[in-house]
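Visitor: Got a structure for you, written out below as structure tokens; questions coming shortly.
The values are calculated or read from the model by the stated rules, or taken from the named source; none is laboratory data. As the structure is a computational prediction, the values presented were derived from the model and not from experiment. Counting neighbours? That spans all protein chains shown, and the Cβs are built from the backbone with ideal geometry, glycine included.
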């Protein structure tokens, strides 16, 4: 019985010793249940030369930081100068005998690394063909238990260029001005490839193709290409070549992977019996007795215990690796903006861009810019005012433009005082009378204001007829007419002389009556509601509605813009009657002087625009009440009759100048530093009269102006100059036959005098001279 108890006791002691040796605690200080060691290196890896991969042993068990990692590498896979060693890492290089018969290298190739790191960042070597390299990982715990795993790394040759030449029909040129473009880095990845742009290549990009016939687009593309190739010193890409819609390329990115790395540190800790030993749950490894002198005559024995100490150290590793992304590059054939054209130029690797197309203002626009400017510099933004150049036909119709509006599609509607007509210009900028020919035009005596409803109808005020008309599909109906007595005289206290007209968000018509200074609202049945009583504002000049339907009224005499409250009272919101005030920007609108606010309007963002004829300026009041000036000293807009804001597409302002017979467009432009513009005005009219052939000479002139020095000046011989002069003289005389006849008589009489020995010229008896 005693022997059996002794055996059990010895067995318990042995188990306790083994338990003490292998007792490992995780980060939560709980004992691990399994002591099995499992090595897991993951699946095989494939990557391109010069890319980086991560060898990941973090799936090995146990994962409490107690493992040592022994990495073995094939020759010429990992080199000593590529690896950053830590303090306790051990490295074994390949010897010459180990790699005898293999391709030699002047760099030290690593055979084995013994480390506590579970990750290895590996830069793949350069290869000319697909090559395979083996990696072996052996993991071992503190008591010597181990396991192994292997993987194969397949390295393929690197892609030389990130973007194919498939989008271009001209190979890469050697030009000192060539430049490279890199993708923008992000927190998640950094691009490792760059694209070389040919500085001397020009791409021709048609935008808004749907605004012309497809055949016209191809003809103009071919004409521009032929003109540039015969005149430009640059290499030009053929816009009508076969261009693939999509090309797949491999793009390499450096990615960052953040991993927590836990390492278990084992050491011996010696504590005196007098210290707190409660932190250790296991029995001590050893007991140390030491003699301590208390005084000269007294000594004592101090007992110390040696414990096994386990510490876990956690660090954050930033692991860098390469990701190769199969990327589809798509060419956009139906561009509507310069940004789209620039993206196509990037795919074509062309450093210069010439865009052309019908812009939003029905001009044939040519825009030249350099791609380097797009990537290297910030764009320039500014407000620009220009007189609208009309076709000869439109110019003859739109004499004395009084007021302006916008049809439901955003096209212009202009009231002309020349024939008292309301003209829809349409996309082609070709005026068409909004009233049908079979409708009595005399129904409209003095059209003063115009605006569009939500169903395609137009509303027009007749200032002399004291009425509000509705125009729909060429027909005219009366929405309101000021009441008159039997003699046709306007009744007292009735609104008269309607001018400015608006449509509110609910479809009601709002009209300013300058006769008594009142503003009234009309629903579609003609019912009238008073919004601004007479006499509240001295000589109101215009009205405008914000997006919520609030009414605003300007007064030229008072130099103030008012908001009309629901009860009919008025609240100043811009301008001041203080005689000491000045026209100042960047201040509250009520602190700035307005000289002569003739007209007002709102944009889609509820910013108020004010046309000030006193200074030829256009002021804008933001929603927080701050006022600024859009037009600078070199961009004044004088003698405005009316200002209206188009919110179709880009916010654009239009002003009428009645006595100058012209319209002004004020637009916000964002361009590059290298941008050069030129325009062919009224292209639709030219095509209507002469076909696309009529655009040839204007296109040549526009390209020469836009490209500047890139197009050498045309050399004209003396014979061609004489021929051109004679042709111009002949054309002039043909259009002036009376002058031509007079010249013939004078030449005839001069010749007769020369042949008659200097006698008097025999003029006809009734010759006026």
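Visitor: For the range 507-617, which strands (runs of 3 or more DSSP E) that fit wholly inside it have 2 or more residues that are assigned by TED's automatic domain parsing to the domain that holds residue 459 and in contact (Cβ under 8 Å) with a residue 24 or more places away in the chain?
Guide: Counting at least 2 such residues, we get 509-513, 518-522, 528-532, 540-545, 551-555, 560-564, 570-574, 597-602.
Visitor: If you scan the range 475-509, which residues turn out to be at positive phi and out of contact with any strand residue (DSSP E or B) (no Cβ under 8 Å at 6 or more places or on another chain)?
Guide: 488, 493, 507
Visitor: Only one of 586, 517, 575, 568 is crowded, with 22+ Cβ neighbours inside 10 Å and on the phi > 0 side of the Ramachandran plot. Can you tell me which?
Guide: Every option except 575 fails the conditions.
Visitor: Please go through the range 608-623 and pick out each residue that is surrounded by fewer than 24 Cβ atoms within 10 Å (Cβ to Cβ) and within 12 Å of residue 589 (Cα to Cα).
Guide: Within the range 608-623, 609, 620, 622, 623 qualify.
Yes/no matrix, rows are residues, columns are (1) more than 24 Å from residue 692 (Cβ to Cβ); (2) part of a loop (DSSP other than H, G, I, E, B):
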site	(1), (2)
335	no, yes
347	yes, no
353	no, no
365	no, no
386	yes, no
395	no, no
399	yes, yes
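Visitor: Still on this structure, I have one more. Kindly indicate which of 270, 287 is outside the structural domain of residue 696 (by TED's automatic domain parsing), surrounded by fewer than 12 Cβ atoms within 10 Å (Cβ to Cβ) and over 59 Å from the mean Cα position of the chain (by Cα).
Guide: Of the residues listed, the single one that is outside the structural domain of residue 696 (by TED's automatic domain parsing), surrounded by fewer than 12 Cβ atoms within 10 Å (Cβ to Cβ) and over 59 Å from the mean Cα position of the chain (by Cα) is 287.
Visitor: Shifting gears a bit: Pull up the range 93-111, narrow it to residues that are within 52 Å of the chain's Cα centre (by Cα) and part of a strand (DSSP E or B), then point me to the one that is nearest to residue 41 (Cα to Cα).
Guide: 110
Visitor: Would you mind telling me which numbered condition in (1) touching a helix residue (DSSP H, G or I) at 6+ places or on another chain (Cβ under 9 Å); (2) surrounded by fewer than 19 Cβ atoms within 10 Å (Cβ to Cβ); (3) within 25 Å of residue 157 (Cα to Cα) residue 93 fails?
Guide: Single failed check for residue 93: (3).
Visitor: Another question, then. Of the residues 494, 428, which single one is part of a loop (DSSP other than H, G, I, E, B) and surrounded by fewer than 19 Cβ atoms within 10 Å (Cβ to Cβ)?
Guide: 494
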